[in-house]
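Notes follow once the structure below has been shown.
Nothing in this text is a laboratory measurement; each read-out follows from the coordinates by a stated rule. In this text the structure is predicted, and so the values were computed from the model without any measurement. As a convention, Cβ positions derive from the backbone with ideal geometry for all residues, glycine included, and neighbour counts pool all protein chains shown.
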Amino acid sequence: MKTLSYKIEAPNGLHARPCVSIIALARNSGCSIVLSCRGIEAAAENPIDLMALGAGCGDKISVTVEGPNEESVGEQLLNILETEL
């Protein structure tokens, strides 16, 4: 299991565009990915759960990746957050 954290700096917070990329990664990775923010957890393959996090500017997201290629998937997820937010 790999655990990561990321602080959202983007004024729009976690919005639809990066959510689409996160969902695609989660559905194709073979890993279980869970994001959490302010005590709320979301399965990364579920668009409604991700948007319901309501993660905004200044919020810290914790990410747990579990599966056969969790190191690589974790790096890909951080790349999505860094480039699409």
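Calculate, in nm to one decimal, what residue 24 and residue 48 gain on full extension: separation in residues at 0.36 nm each, minus their alpha carbon distance.
Numbers: separation 24, 0.36 × 24 = 8.64 nm, distance 1.39 nm.
Fully extending the segment from residue 24 to residue 48 adds 7.2 nm.
Computed from label points 7 Å out along Cα-Cβ, the spacing between residue 12 and residue 40 is 1.9 nm. Helix 70-84 axis versus longest C-alpha principal axis of the chain: approximately 30°, rounded to the nearest ten. Placing +1 on each Lys and Arg Cβ and -1 on each Asp and Glu Cβ, with no other charges, gives the chain a dipole about its Cα centre of roughly 180 debye. Spacing of the modelled spin labels on residue 57 and residue 82, each 7 Å from Cα toward Cβ, amounts to 2.2 nm.
So which GluC sites (Glu not before Pro) in the chain are both in a DSSP loop and have at most 13 other Cβ atoms within 10 Å of their Cβ? Each step should come with its number before you reach the end.
Numbers: sites: 9, 41, 45, 66, 70, 71, 75, 82, 84; in loops: 9, 45.
Of the GluC sites (Glu not before Pro), the ones in loops of the chain whose Cβ has at most 13 other Cβ atoms within 10 Å are 9.
Within the chain, the proportion of C-alpha pairs whose separation exceeds 20 Å stands at 20%. Angle of helix 16-29 to the longest C-alpha principal axis of the chain, folded into 0 to 90 degrees and rounded to 10: 10°.
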